[in-house]
Each structure stands twice: as C-alpha cells, then as structure tokens.
Amino acid sequence: PGGRPARPMSARRAAALRREEADKWTVPQTLRWLDELGLGNYAPAFESNAISGGVLLELTNEDLDYMTINVLGHRKVIMKGVEALRAAVYGAAATTTGTTAVHDASSHVAAHPPTPPRGGP
C-alpha cells in the first residue's frame, strides 16, 4: 500500500530467476537459455532433439557431437552454461558429470578403495 505498483517482469528476466528449476524447463525454455548464451542459431538442433531442462542437465560432449555442434568455442560456452545450471539445481556438490549421485559414488570409492584379492589357491 502506498508504494509503486509492481511492474511485470519480462519473460527473459523471469526465466533467469528460475535457473535452480532448470531440471523442470520445457524445450522452449531451454531454447531461451540457449539464446541468452548468444547461441540461438543452435535452437533447431536442440528442438529437433527435444532438449528439455532435464536432458540439458545431462548434456555431454558426445551429445554435442551427435547434434553436430562442432565449433569448439560454442561447445565450451554451452558446456560451461550447463555446468552453471547444474550448480544452480544440484548445489555446490554438482560436478562436470552432471549428477550428485556420480559425485557421491566417486567420493565413496576414494574413501573406500577396493580390497585387493586374497592369495591364490
């Protein structure tokens, strides 16, 4: 009361505020993110491969090969963006593998190395 009326947020700004919900993004929201990276020219590849937020968070270099995204600089921008989204969704435990489960498993292996085989017959 008595304050200025709230201005509606632009769709672009609203999307930027929900990066922690990237795992729930639709394909069109993923395409907006790609456009924000300045790489909207790859939208047809992302759209034809149904890259939603959940899929985006699992994206790998092999996937970029499959989609024929070959420009090294563009690949790096995309993967750095994906890493930032993973951190926003999964928190600081996120790794470049994209899931905390993989991180947790590798931590377990490091803390509990395999037992060497016992002597022969």
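The values are calculated or read from the model by the stated rules, or taken from the named source; none is laboratory data. These numbers were taken from a predicted model, which means no experiment stands behind them. Note that we place each Cβ from the backbone using ideal geometry, even for glycine, and neighbour counts take in every protein chain shown. Only protein heavy atoms, including side chains, enter the accessible area calculation; ligands, DNA and RNA are left aside. Shrake-Rupley method; radii C 1.70, N 1.55, O 1.52, S 1.80 Å.
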Residue pairs, Cβ under 8 Å, 6 or more apart or interchain, first in the stretch 28-49 and closer than 19 Å to residue 71 by Cα and in a helix (DSSP H, G or I), second among the charged types (D, E, K, R) and open to solvent by 30 Å² or more (accessible area, probe 1.4 Å). List them.
31/47; 36/12; 43/35
I'd like to know if the stretch 2-15 contains one or more residues that are modelled with pLDDT under 95 and at positive phi.
yes
Name, by its number, the condition in (1) part of a loop (DSSP other than H, G, I, E, B); (2) surrounded by 14 or more Cβ atoms within 10 Å (Cβ to Cβ); (3) modelled with pLDDT under 95; (4) over 11 Å from the mean Cα position of the chain (by Cα) that does not hold for residue 116.
(2)
Residues that are in contact with a helix residue (DSSP H, G or I) (Cβ under 9 Å, 6 or more places away or on another chain), farther than 17 Å from residue 83 by Cα and open to solvent by 60 Å² or more (accessible area, probe 1.4 Å), drawn from the stretch 36-49:
41, 47
